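Enquirer: Have a look at this one before I ask anything.
Please treat every number below as a calculation from the coordinates, not as lab data. Computed from a predicted structure; not experimentally measured. Note that each Cβ is placed from the backbone with ideal geometry, even for glycine, and that neighbours are counted across all protein chains shown.
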Amino acid sequence: MMSYFLHRAGLDFMLMDPALPSNASRVAGGIVNPVTGKKLAKTWRVDELHPFALKTYQEIGKLIGAELVLQTRVNRYHSNPEDKVKFEEQAETQDWFKQYIQALQVNEPAINDTMGGFTIYPALKIYGIKLMDGWRDFLKKEGRFIEETFDHSQLEILPEGIQYQNITAEKIIFCEGWGVRNNPWFKDLPFNAAKGEALIVRIKGLLPDEVFLKGVFLVPLGDDLYYIGSTNEWVFTDDKPSPHKLEELERKLQKALNLPYEIVDHQAAVRPAVKDRRPLIGQHAEYPQLVLFNGLGTKGYSLSPFFAEQLVKVLLGESEIDAAIDLKRKI
Ligand SMILES: Cc1cc2nc3c(=O)[nH]c(=O)nc-3n(C[C@H](O)[C@H](O)[C@H](O)COP(=O)(O)OP(=O)(O)OC[C@H]3O[C@@H](n4cnc5c(N)ncnc54)[C@H](O)[C@@H]3O)c2cc1C
């Protein structure tokens with residue numbers, strides 16, 4: 001996303017990434033959801049972030065010739081009687097409910113609906129793998145992609161910029177996700193990484209264009225494939241799929257679904273989450289030529305377009321960094 005906005009601003013840049021088969025963006029469900037969490041909160045700054053995200057994914061899609069975003073609805077079912085009571089209380093007291101919440105819009109007998117639910121609209125589904133593969137091909141053709149792992153020990157900080165091997169630049173922007181733990185300049189920021197796991201399953205006979213949420217998300221991927229996710233874990237030893245989260249995901253899926261399923265894949269990655277749940281973006285206090293775009297946590301697909309554009313403007317001296325995401329804030 002950073003490289004897209006650098007490209008759009010007509011700036012000269014190179015993107016370096018080893019293009020590994022897995023990272024958080026590839027394992028994500030790609031859902032941009034305006035109403036989240038057990039407490040049914042309106043997502044932070046949804047009214048400005050989501051329309052901007054929709055527009056950005058459409059623009060990139062046009063550039064690379066792919067459909068990257070779908071406006072969709074999330075059909076969410078109450079998991080227990082307390083959830084239902086909470087929902088009814090909020091429906092009466094929260095004005096914004098009318099903007100995003102409707103009566104349940106689907107009747108899907110394959111979902112184990114014991115207490116009713118509601119439909120959240122509009123939500124977005126982003127096709128992240130298509131986006132990243134297509135964008136990488138675009139940058140390769142432009143001669144702007146280096147398929148390598150960046151070695152921090154080789155970075156030379158110059159008075160007015162940086163030098164890395166044969167590249168001299170005014171700035172370096174680190175967008176390393178959980179790879180930030182190896183970054184000597186930014187690794188000590190208050191990250192609170194959360195490992196997440198998901199399944200790809202084949203289900204025959206479930207409505208193909210609806211997102212369901214009943215204890216777990218069921219997100220259609222086409223060809224009878226569904227994304228089932230995701231889990232959260234703050235204490236972990238690796239970023240690989242685990243048997244205990246496989247068991248948790250299957251248990252939740254069986255509770256939600258009245259149809260047989262076949263597991264096609266089991267994936268895991270680490271979300272670069274932050275203690276106060278806001279991104280960590282901006283320039284290093286001592287070396288302003290070192291810049292960070294990180295801390296996207298559980299919401300990379302909604303946050304990244306808006307704040308990547310903002311960071312480009314900040315670097316061009318056209319805008320200030322938003323205090324809520326500034327890496328120099330007190331957390
Ligand atoms: C299971 C799961 C489900 C999720 N579901 C959603 C969802 O539905 N909606 C949503 O908005 N978000 C979701 N997220 C969160 C979302 O995935 C993250 O917020 C987002 O992907 C973070 O993007 P990132 O670019 O910071 O990190 P990543 O996607 O992990 O990318 C980091 C990149 O940096 C590269 N890198 C790291 N170190 C180096 C180095 N030294 N040299 C070169 N390159 C390097 C890596 O190769 C990688 O490509 C989910 C996450 C998980 C794990």
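Enquirer: Setting aside same-chain residues fewer than 8 positions from LYS252, which lysines have a Cα under 17 Å from its Cα?
Expert: Cross-link targets: LYS38, LYS214.
Enquirer: Report, as a whole number in µm² per second, the diffusion coefficient that Stokes-Einstein gives for the chain at 20 °C and 1.002 mPa s using the Kirkwood radius over alpha carbon pairs.
Expert: For the chosen part, D equals 101 µm²/s.
Enquirer: For the pairs LYS42/LYS275; LYS125/LYS299; LYS84/LYS195, flag any whose C-alpha to C-alpha distance is greater than 22 Å.
Expert: Working: LYS42/LYS275 19 Å; LYS125/LYS299 12 Å; LYS84/LYS195 29 Å.
Checking Cα-Cα distances, LYS84/LYS195 exceed 22 Å.
Enquirer: Go through 111-121, 162-172 and give me the packing order, highest mean Cβ count within 10 Å leading. Don't skip to the end; give the middle numbers.
Expert: Values: 111-121: 17.8, 162-172: 13.8.
Per-residue Cβ counts within 10 Å, averaged per peptide and sorted highest first, yield 111-121, 162-172.
Enquirer: Stretched out fully, how many nm does the piece from THR149 to ALA285 gain, at 0.36 nm a residue minus the Cα gap?
Expert: Details: separation 136, 0.36 × 136 = 48.96 nm, distance 2.50 nm.
Computed gain between THR149 and ALA285 is 46.5 nm.
Enquirer: Here's a follow-up. So which GluC sites (Glu not before Pro) in region 274-331 end up in coil per DSSP with only 10 or fewer other C-beta atoms within 10 Å?
Expert: Working: sites: GLU286, GLU309, GLU318, GLU320; in loops: GLU286, GLU318, GLU320.
When the GluC sites (Glu not before Pro) of region 274-331 are filtered for loop state and at most 10 Cβ neighbours within 10 Å, GLU286, GLU318, GLU320 remain.
Enquirer: Provide LYS252, LYS195, LYS204 in ascending order of the number of other Cβ atoms located within 10 Å of each residue's Cβ, fewest first. Display every interim value, and only then the final one.
Expert: Values: LYS252 20, LYS195 23, LYS204 10.
Starting with the residue having the fewest Cβ neighbours, the order is LYS204, LYS252, LYS195.
Enquirer: Now for a different question. Which one, PHE97, GLN154, PRO184, is farthest towards the positive end of the dipole of the chain when Lys and Arg carry +1 and Asp and Glu -1 on their Cβ?
Expert: Value computed over the given set: PHE97.
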